[in-house]
Structures are given as structure tokens and as C-alpha cells.
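So the structure is just underneath, and the comments pick up after that.
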Amino acid sequence: MAQRSNVSRQQTIIAIFLVIGVIYITRLFYIQVIDDSYTLSANNNVLRYVTQYPARGLVYDRNGKLLVYNEAVYDLMVLPAQVKEIDTAEFCSLLQIPIEGFRERLDKAKKYSRYKPSLFEKQISKETYGYLEEKMYRYKGFFVQPRTLRKYPKPIGAHLFGYVGEVTQGVIDKNPYYKSGDYIGISGIEKAYEEILRGKKGLKIKMVDVHNREVGSYAEGKYDTVSVTGQDLYLSIDGDLQEYGEMLMAGKMGSVVAIEPSSGEILAFLSSPTYDPNLLVGRVRGHNFKLLSEDPVKPLLNRALMGAYPPGSTFKMVNDLIGLQEGLLTVNTHYFCQGPGSSPIRCTHNHQSPLDVYVAIQQSCNPFHWQVFRSIINSAGHGSLRDNYVSWRKHVMSLGFGEKLGTDMQFELSGNIPSAETFDKIYGRGHWNAMTVRSLSIGQGEILVTPLQLANFAAVLSNRGTYIEPHVVRTIGNQKTLGTRFKQHHSTIDRDHFEVAVEGMRQVATLGTAKWYQIEGITMCGKTGTAENPHGDDHSLFMAFAPADNPKIAIAVVIENAGFGSTWALPIASLMIEKYLTGTVKRTEIEEKMKTTNLIN
Amino acid sequence: MRERNNIFSNIDWQITVLYLVLVLMGWLNIYAAVYNEDYSNIFDITQSYGKQLIWILSSLFLALLILLTDARFFSTFAYLIYGFMIVLLLIVLAVGTEISGSKSWFQIAGFGLQPAEFAKFATNLAIARFFNQQHLNLSHLNNRLFPLVLMGIPAILILLQNDTGSALVYSSFILVLYRMGLSGNFLLAGLLVVLVAVSTLMVGTTYVLFLLIGLAGMLFFFMKRNRKNIISLVALLVVAIGFAYSVEYGVDRFLGDHQKARINVLLGKTVDLKGVGYNVNQSKIAIGSGGFFGKGYLNGTQTKYNFVPEQSTDFIFCTVGEEWGFVGSTVVIALFLLLLVRIVVLAERQRSEFSRVYGYGVAAILFFHFTINVGMTIGLVPVIGIPLPFFSYGGSSLWAFTILLFIFIKQDINRNALL
């Protein structure tokens, strides 16, 4: 009896052992085999996904001169889940941030994710990084990620290049490529060519120990992806011309755009006042951006694309071309001009009368062009006056006005060539006529053009009726050409008629309003403009191309509130043409005057 | 020479091999747990795995010494050894060094020695010696209380050293007492105590009250309804309810904040992955991420990169779980179960009561360590810092467990000797 009881007690004890064993094995099966959340947590513990940010592509000018490159900086990243008690005061003083900022940043990072890295402090300089690196082991949960920032060897081309900034939440939501903290081109070619310049991000998976020290790469780098550096851009811009233009435009509000007529390649693209593009890079960007955006002269505004000005007299050839095309104007047509006493538009120049189209262009005669315009609207012969206006507008727009030109830069305005509907709305249908809208005859009134459109018009004239969509990029990376990305457009005006307008413009530069600024050995065809505008003094405009028989450059210069076109816009255009075509400027006196005059009050 | 041949022909190879396998596995896992490429030599004695090798070799030497000692030495001097250990425990209380909160170490020539580890086998010897008396009449109250006193003295002294885990080990002798005739009701009562305590802490007294009444009702329905049974049932119910309330009161009143926190984390009532729950959470992550086959030897990341604290001592099982997966964990558990069952089987075949009781004591102590240690790494029992026998890094514990086990092996070799 006792024996049996002892045996059963032995068995009970063995059973207790086995029960515990079974419970433990079951539990192990659950946490090791069934529940895979532990694997995930283990990965979160030990794996750190380090994005490899590629350097953005470099930017060169048409002569291979480097315009934009990169400089290394370091972003301090944080993994909130790993942050332990650290000496906040020391940490903040190293980073030169206020102590209150520490909590704030950490909370923000936690809000995003506890296990994914967030940006803690961006763009630490090499020097600060040097100090920080030695003490990194004390700051668990923090690590440093190398980045690159834009750097500009010369302080030019701010509006052309645009700037790079951090992606906004809106972009992240729309485009899965971007993650918080990524950089993206925000304006200029940085935005237009973002996908080419940015390259491709890579990913390195590293293992870290509990002290957040890197202890090697995961699976010997099997799952890593390599980052691909952005492709370089070769611009059509001539860096020297750009620099020269910016120098001339200093102290003036306005814009200069120069185009190679045969290709549509933009040679110079500037908006003034401008700023050093290095100001909008790195940690100082926010501060400087605020200063620039609050500046009353609006240095951030890209006037070349977003400035819309009445073209004034530079528009006069448009009416002549349409008149010639519609058969209402010939080289033999003469109109009378009564000088300042003319009605309804007075003439501001002293010249012969009656006069033909050449002299009319050369002397920028208002009454002549009013009469051309009136005959187009009244008797183009296709029906009603309104229909004639609609057909006039179509001709105008075929010359690259009133619509975006389809350039490769962002935020282009379309300018304005008022539609018949607009006038119907203002005056009532049937209640307006040539007289009502007479300002259009001399490029005033509702007409607005951008400096780019004006330069393009100069190119159209030099090409005798065609243009290729103006653009700033010639080639990308190793590609030879851009292919057919930028299309050729044909105007509705016959080629022959352009000869008349061009001859008028040649006379402008030799006999007319531009004769004082001739370039030695180079014939220029141009047209001045002095545009009245509701915002103050007249705008000074000039458009031209040169040399006359083999045009290499078409240019438009607009200077706000500077008075006569021949006083400021013309000499600047003339100097730039000289600079581009001859490489040097001999007329140093004019150059000096242009450079040093400040027209911004 | 005859003596020695006798030893090796009579030694139980199963236990000996199990011991060697566990010690070797422990060593390899300690190496993996703190693996560092700068010190990749497993024999490097500046690293814990190199030191563990010294402990292993010296343990084998100790084992050999024990095998060569006369088996009767241990029963004869059981009380003396016990007394000596009690004195050591007293001395360490007075002049010991405090390491991580426990004042339980002698610092000798750079090595720490923990008397509490050795007190276990000494107590086991004393208890075995006590039960070895012929004509022991257990119906005498004194005879029942004496083993409790033998267990209680070292337990209290160790508790005073602030080493709760090692003190709790002495409760494992309840298995020995059960084998020696203690009513099974005590085991049941113990189980009931644990169940009531845990459920009280988890769901509160109100639910436990309903639960107990419901349980009693069911028992009433099924049992033989005589007067005696009904009275016992009611008494049991009252005691259980009273216990539930006193658990709540006791935890509230007597436990320190960090003990309460540990209990709450274990019961899943609070999630505190940064503080108290950190160890257990990281331990579970390490084991759980091992998967079925494990990450492979030396490929563990959680232990190697120190996410798991105490990864070579109390949490050594994490390395097993992470690198050897479910398969390896199961093998280790199976090896321990085999060892325990083998000890019990051997204990049962002893002719001397001393050897049998001592054997059960060995099984009970190893079982307690195994259950608590593995249980805490997989989040089934509270974190109580006691080592996994033969596995965990540490000289004192390896020596003590080796002595504990080999005294029994020696007794077993001599089982046929004349009493």
C-alpha cells in the first residue's frame, strides 16, 4: 500500500515536471512560430534604414561652365523609440538650438513615427558635425545623415535656377517617391527638371546595437539599393552674358530675356532686382526667404515669366504684319500724321507726313498704326467688325502672344490679348468698335506681354514668322539632344511680310529711335517702346535681334517705370548684344552709366 | 584503483552526459550572447565565455573530487556543512559586498562568491539527513516542523540579503515533503493559492468572489453530500475568499512600488516597455524573433547587441530562443525534463532514505530554477533573478549546481553499498 502510494507520488511529481514543460513549449510555439510581431519588433530594434541621398545633378552653361554644384552637409536624425535620457543642455548648445526646442522637435518626430527616423536638425555644418561626432555615442537614438546642398560659384541666375527646399506634406501625399525630409525643386529649373536632377534615392539597411551604434550592414547588404546621382543639365544660357546682364540691370526693376532665334535656346534670362541664389540654401533659407518676400521691390518675383507689361510701341509691327497679311497695308500705303495734334491718338515723334510703313516703324508713329489697326478691324472684309477683331486676335496669338509659350520653366504667365468676349462684357455686344479699343493699335490698353514673349517676338521677326518654343536646357546628362520636345510654331503671317517689318526695325536702329546706340560693325534690328501703365511712370522697353542678316540673338529688355525705351532698355539691350556677339564691350562709357544708375526709388 | 573502476562502472552515464551537454551548451550560448568580433576567441579569459570555461573546468574538478570522496562523508557531515553555510550566510550579511542591490557576495581576489548558491545543497543535505532517521514518526508536530526550520533559516537569511529570488528557491522543498508523505492537499492548496492570487490581481476581488462561489456550487453538486464534506467545502470557500481579499490588501499594503509594477506588467494590466516591462519585452522579442529554426548560431541580433539585459546570466535562454529557434528551445527544455525525470527515477531506486530525499531535493531545486528562469524569459512568471542551472554564466552557481548534482550521483554510485 505504502509502496503504491510512493509510486503514485513519484508519478505526480514527474507529471508536474512534464506539465510545466508542455506549457512552456506551447508558449514558445506561440511566440516563436505563430505570432510574428516579435520578429518585427526585433527588426525595429536592430535594423536602421538609412536613406542614401544622391547628390543633385550639376548645372552647366552652354560653354560648359559650372553654374550650380553641391556641398556636403549633415542632417541630424532621431529615432524617438531609442532616445534615452541625455544631457539636453549640452546637446542643445552643441547644436546651437534653444533647450525648449529639444522637446518640441522630439514630440514632432514622435508624432510621425516612434520607430522611423525623423529629421531633428537639418543641415549641420561640417564644423558642428565634427564636434558632434565625437559625442554621438552619448545621444542614443540620434544619428547623422549626409546630405548635399546647392552651391553657386557666382551669385547669378537666381530666378533661372530657382531653389530647392524640403517637400511639403501635400507633395508627400501625392507622390510616394518623396518622404518627409526629402528635398525637392520648388521653382526655376530645379522644379522643372526635378525628376532629372534629383537622381534616385538608395537605401542601406544597417544593424545597430542597443546603444544605437552601427555594428554592420544587414544580410551583407543584400537588400541595399544604391543611390543614383542626378543627371547633369547643360543649359543654353551663356553664363557670361547672364552675369553681364545682371550687372547692367543692377538697381533697375525689370527683366532681360535673350534667345537664339534659330533654336529657341534662351541665352540670358534675368529678372531684376535679383538676389544671390546662395541665400536660399541651407539653414539660412527660411530667414532669407522671409526677408526677400517682404522686400517691397519683390526680388523673388520672376519678372521674365510673371511680369506682364503693356508692350507699347514694340507691338506696332504686329499690326503692320496683320495689315500686310490682310492686304489692307502695302509698302506703298501712306497715312497722314498731324504730330502731337493727331486724333484720336497723338504722335510723340517729329517726322515726315504722309509716311509709309518703314518710316512709321522707324519713327514709331502712333497715328499711322492707329489707321492700320482701324482698317483691319473695319474692313478686313470677312464680315462683321467683331469677326475682324477675332481674326486680328488669332494673328496676334500666332506670333506667340496671349498664351503660354510652353517653355521648360515653371509658372509662366500667358499675358493677355483681350478676346472679343471680354469687350462684349465691358461694352456690350455690338457696342464697341476700333475706336473703342484703339489703344490696342499701339500696344496699350488691355494688352499684356511677358518679357519672354517679347523676346520670342523678336525671334519670330528674325526667323520671318516661325519660332521654336524657347527653353533653357540644351541637353541632359549624356544625351546628345532633347529630341523634339520643343516644337516649331508657324505664324499666320506670310514670310514676305516680315521683310517689311524687319526693314522698318533695321531703320529704327540706323535712322530712328535707336540710332544713338549702334554697335560698331553689327547691324541690329530693333524697336523701342515706352509703355504707359496705370502703376506709375512709363515702362522702358526694347526688343531687337542682331546681326540683321544672320541673327544670332534676339533680345527683349523691360525696365519698369524708367521712362523712354530709348533711354534705358535700348542701351542695355545694345550692350548685351555687343557682349554676346563680340565678347567684349567697347562702349565702356555707356556701360558704366547703365551699370551705376539706380532707377529704383 | 578498484575504487575508481567501481566509480566509473557504476556511475549513471545518462545524468552525467546530460550534465555535460547542458554545461557545454551553456558555454556556447554565453559566447553567442556576448559575442564580439574584437574578441572572437572563445578561450579568451578576459571575456565572460573564457571565464566560464575556467568555471566549467574547475567544476569538473570539483565533480571528480566528490566522486572520489567517501559517499558516507556527506550524510555524516550533513549538519556540519549546513551549519557552516549558515555561518557563511551570517558573515556575508555583515561584511559582504553589495552587487546590484543584493548584499550576498564575498569578494575574493577579484572573483565574487555567493554563499546563497551553496546554501541550497547544504540545506538539501540537512533535510535528507533529517529524514534518514530510522523510525521517524511524522505524526509528531516537532518532526513536521523541523524540516521547515531547516529550510526557513537560510531562506530568511538570504531574504535579509535582499535576494528574494534565491530565498524563494527554498519553497521548492515542498515537493520533497510531498514525496515524504505530506498530504497532496498542500500541493492543491498551493495551486489554489496561486490561482486565487493571480485572478484576484487580474480581475479584482468581486469577480473572484463570484468565481469561487460558482466553483463551490459545482463541487457541491458533484460531490458526496455528507456533513463532513459540506463543512470542509464551506470552510475552504470562506478561507479562499478571505485569502483573495487579503491578497489585494497585502499587495496594496506591503509590496513596494517596483514589485507591484512588475506584477502588473506580468499580468498585462500595464504596458511599460521602457521601465519595468523593458527586460521581459526585449526578452520576448529576442525569443519570439527566433522563429522555428532560429537565426543561426552567432546570428542573433537582440542578445548580441545588448537589447536583452543580463543576456549571459539570467536571460541566457533568450540566446537559445533567438539563435536556435523553437527547435533549439524545445531541445533545451526536453534536456532539462530528461534530467529531472532521470534524477527522480534514480532517487526512487535508492535504498537509503538519505539518498532518496537528497535526490528529490536536487530535482526540486533544479525544477524551481528551470521553471522560474525560463518562465520569466517567455513572460509567464515575474522577473525573479535566478540563474538557469548549468547554462547561466557565473562561477558560484555553476560550482553549486555541480556540487548539488554530483553528491547525488555519488550517492547513486554507492546505492548498493551496505547501509
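Observations, loosely collected:
- Condition met for A:Gly130 (outside the structural domain of A:Gly245 (by TED's automatic domain parsing), modelled with pLDDT under 90 and at positive phi): no
- Residue tally, condition more than 8 Å from chain B (Cβ to nearest Cβ) and either at pLDDT 90 or above or in a helix (DSSP H, G or I) (or both), over segment A:41-53: 1
Condition check ((1) within 9 Å of chain B (Cβ to nearest Cβ); (2) in contact (Cβ under 8 Å) with a residue 12 or more places away in the chain) across all residues:
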position: A:Ala15; (1), (2): no, no
position: A:Ile20; (1), (2): yes, no
position: A:Ile34; (1), (2): no, no
position: A:Val73; (1), (2): no, yes
position: A:Thr88; (1), (2): no, yes
position: A:Gln96; (1), (2): no, yes
position: A:Glu100; (1), (2): no, no
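- Being of a type outside the set (Asp, Glu) and without any contact (Cβ under 8 Å) to a residue 12 or more places away in the chain is a description that applies to A:Thr484.
- Counting only helices (runs of 4 or more DSSP H) that fall entirely inside segment A:66-181 and contain at least 1 residues that are touching a helix residue (DSSP H, G or I) at 6+ places or on another chain (Cβ under 8 Å) and crowded, with 16+ Cβ neighbours inside 10 Å, the qualifying elements are A:88-95, A:99-112, A:126-135, A:158-161.
- Members of segment A:561-592 found to be acidic (Asp, Glu) and either free of Cβ contacts under 8 Å to residues at least 12 places away in the same chain or surrounded by fewer than 17 Cβ atoms within 10 Å (Cβ to Cβ) (or both), listed by number: A:Glu589, A:Glu592
- When A:Val297, A:Val281 are checked against the criterion of being among the β-branched types (Val, Ile, Thr), surrounded by 19 or more Cβ atoms within 10 Å (Cβ to Cβ) and under 30 Å from A:Ala192 (Cα atoms), A:Val281 stands alone in meeting it.
- Tally of residues being closer than 19 Å to A:Val7 by Cα and in contact with a Phe, Trp or Tyr (Cβ under 7 Å, 6 or more places away or on another chain) across segment B:316-342: 3
- Of the set (1) among the small types (Gly, Ala, Ser); (2) over 18 Å from A:Arg303 (Cβ atoms); (3) assigned to a helix (DSSP H, G or I), all apply to A:Ala573 but (2).
- Among helices (runs of 4 or more DSSP H) entirely within segment A:184-260, having at least 1 residues that are crowded, with 16+ Cβ neighbours inside 10 Å and among the hydroxyl-bearing types (Ser, Thr, Tyr) singles out A:239-248.
- Only one of the listed residues (A:Ala546, A:Ala531, A:Ala509) is in contact (Cβ under 8 Å) with a residue 60 or more places away in the chain, in the same structural domain as A:Ser313 (by TED's automatic domain parsing) and among the aliphatic types (A, V, I, L, M). That residue is A:Ala531.
- Filter pass, A:Val46 being crowded, with 17+ Cβ neighbours inside 10 Å, touching a Phe, Trp or Tyr at 6+ places or on another chain (Cβ under 7 Å) and hydrophobic (A, V, I, L, M, F, W, C): yes
- Per the listing A:Glu220, A:Glu166, A:Glu214, A:Glu194, the residue uniquely of a type in the set (D, E, K, R), more than 28 Å from A:Lys108 (Cβ to Cβ) and in the same structural domain as A:Lys135 (by TED's automatic domain parsing) is A:Glu220.
- Apart from one condition, A:Lys252 fits all of (1) of a type in the set (Lys, Arg); (2) out of contact with any Ser or Thr (no Cβ under 7 Å at 6 or more places or on another chain); (3) closer than 15 Å to A:Ala304 by Cα; the exception is (2).
- Verdict on B:Thr303 being at pLDDT below 85, closer than 30 Å to A:Pro80 by Cβ and of a type in the set (Ser, Thr, Tyr): yes
- Residue pairs whose Cβ atoms lie under 8 Å apart, sitting 6 or more positions apart in sequence or on different chains, and linking a residue in segment B:131-157 that is modelled with pLDDT under 90 to a partner that is of a type in the set (Lys, Arg), are B:Leu138/B:Arg144.
- Tally, over segment B:71-93, of residues that are farther than 20 Å from B:Leu113 by Cβ and among the hydrophobic types (A, V, I, L, M, F, W, C): 5
- The helices (runs of 4 or more DSSP H) found wholly in segment B:307-417 and carrying at least 3 residues that are within 14 Å of chain A (Cβ to nearest Cβ) occupy B:316-348, B:353-377.
- Single unsatisfied condition, A:Ile266 versus (1) aliphatic (A, V, I, L, M); (2) touching a helix residue (DSSP H, G or I) at 6+ places or on another chain (Cβ under 7 Å); (3) not in a helix (DSSP H, G or I): (2)
- Single match in B:Val308, B:Val320, B:Val374 (criterion: under 30 Å from A:Met207 (Cβ atoms), of a type in the set (A, V, I, L, M) and touching a Gly at 6+ places or on another chain (Cβ under 7 Å)): B:Val320
- Considering residues of segment A:22-32 that are more than 7 Å from every other protein chain (Cβ to nearest Cβ) and under 14 Å from B:Val374 (Cα atoms) only, the residue nearest to the chain's Cα centre (by Cα): A:Thr26
- Some residue of segment A:261-278 being within 27 Å of A:Val372 (Cβ to Cβ), in the same structural domain as A:Gly415 (by TED's automatic domain parsing) and modelled with pLDDT of 95 or more: yes
The values are calculated or read from the model by the stated rules, or taken from the named source; none is laboratory data. All values derive from a computational prediction rather than experimental measurement. With ideal geometry, Cβ positions are generated from the backbone for all residues, glycine too; neighbour counts draw on all protein chains shown.
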